[in-house]
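Participant: Pasting a structure here, questions to come.
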Protein chains: 2
Amino acid sequence: MDQLRETLKVHHLRTTTCREDVLSTFINRKNALSHGDLEGELGENYDRVTIYRTLKTFLEKGIIHKVLDDEGLRYALCSHSCSEEKHQHDHIHFKCSACGETNCLENLHIPAVQLPEGYHPEHFNLLIQGVCPKCN
Amino acid sequence: MDQLRETLKVHHLRTTTCREDVLSTFINRKNALSHGDLEGELGENYDRVTIYRTLKTFLEKGIIHKVLDDEGLRYALCSHSCSEEKHQHDHIHFKCSACGETNCLENLHIPAVQLPEGYHPEHFNLLIQGVCPKCN
DNA sequence: TCGAACTTGCAACGGGGTTGCAGAATATTT
DNA sequence: AAATATTCTGCAACCCCGTTGCAAGTTCGA
């Protein structure tokens, strides 16, 4: 409760009920969420546009990060504190083809890759699709 | 010219000018293309819907594969012959933040990852974003 | 408690992608 | 070469995603 406000404060955001609710949904659900997921959960309380704007703000401030997907964008909490200046993510995302959930495997780092001469990598995004332990 | 028809035939597709044009655009442009790219190139000749359907058909038949991106789906040619039954891709995709082009690095394989107990991986998708040799 | 700054809801819009259907083109059979 | 079955295309319509402008409401610091 207070922790939500604290998180928002750290990132220089005003505390509003929408932001608190979106943030707590991410914390409770644990997996990566799409705008649609949030609208399903909170849509009766807030306008779609407000949810879009909340996601955009959280992204910019480093509270959440994008998760690539073959059927639409999702978002997940940044575990280590990212900031407005710098997002740092090198963990793997796993999407289950059975239950459809996408999760961050925080402990698994993306292996280093030796790129050819001239390539200057900045961000890495590895999505593995398959069956997760729950659906096994 | 004849090669286009041949490719379509191999995949049990009728030869139509739209399919020939889309296929030859992929071959000429070399990089990953979005529907919008194709519409820009061929939009005066064909309806948007036809281009969508062509992409979908090519996907199903194993002529092209999806390329994930943080700002929308793209497609690229399958180099090794994929089929309706099986798509097999383990190469890396590189997106240049300067010119915006996304390319397949066919020679670079995605390194193996040791997943925790219970995970059964099926497909891998690694996108690296940064600056490409051309924009260096 | 007041005002400046920020946030929200509403309306509207553009783009992405899909579906149904009728007409056109392709392949096949004779 | 013509007829037929099959497939493909264009059009219209539709829904979902995401954004923008603006007026009204809320937050927070002085």
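The values are calculated or read from the model by the stated rules, or taken from the named source; none is laboratory data. This one's a predicted model, so the numbers in the text were calculated from it and none came from an experiment. Note: ideal-geometry Cβ built from the backbone for every residue, glycine included; neighbour counts use all protein chains shown.
Participant: A:Leu42 versus (1) surrounded by 15 or more Cβ atoms within 10 Å (Cβ to Cβ); (2) under 12 Å from the mean Cα position of the chain (by Cα): which is the lone unmet condition?
Facilitator: All conditions are met except number (2).
Participant: Output yes when any residue across the stretch A:8-29 is surrounded by fewer than 13 Cβ atoms within 10 Å (Cβ to Cβ) and at pLDDT below 90, and no when none is.
Facilitator: No, there is no match, as no residue in the stretch A:8-29 is surrounded by fewer than 13 Cβ atoms within 10 Å (Cβ to Cβ) and at pLDDT below 90.
Participant: Now for a different question. Taking the stretch A:10-37, which residues are away from DNA strand C (no atom under 12 Å from the Cβ) and of a type in the set (A, V, I, L, M, F, W, C)?
Facilitator: Passing the criteria: A:Val10, A:Phe26, A:Ile27, A:Ala32, A:Leu33.
Participant: Also: Looking at the stretch B:74-100, which of its residues are touching a helix residue (DSSP H, G or I) at 6+ places or on another chain (Cβ under 8 Å), closer than 24 Å to A:Pro121 by Cα and modelled with pLDDT under 90?
Facilitator: B:Ala98, B:Cys99
Participant: Write out, first by first residue and then by second, each pair whose Cβ atoms fall under 6 Å of each other, whose residues are 6+ apart or on separate chains, and whose first residue, in the stretch B:114-136, is more than 7 Å from every other protein chain (Cβ to nearest Cβ) while the second is of a type in the set (Gly, Ala, Ser) and assigned to a loop (DSSP other than H, G, I, E, B).
Facilitator: These pairs meet every condition: B:Cys135/B:Ala98.
Participant: Follow-up. Taking only pairs six or more apart or across chains, which ones have beta-carbon atoms under 8 Å, a first residue in the stretch A:10-32 that is polar (S, T, N, Q), and a second residue that is not in a helix (DSSP H, G or I)?
Facilitator: Close Cβ pairs satisfying both conditions: A:Thr17/A:Asn45; A:Thr25/A:Leu33; A:Asn31/A:Ala76; A:Asn31/A:Glu101; A:Asn31/A:Thr102; A:Asn31/A:Asn103.
Participant: Among B:Pro111, B:Pro133, which is loosely packed, with under 15 Cβ neighbours inside 10 Å and over 24 Å from B:Phe58 (Cβ atoms)? Reasoning before the result, please.
Facilitator: On the way: B:Pro111 fails: loosely packed, with under 15 Cβ neighbours inside 10 Å.
Of the residues listed, the single one that is loosely packed, with under 15 Cβ neighbours inside 10 Å and over 24 Å from B:Phe58 (Cβ atoms) is B:Pro133.
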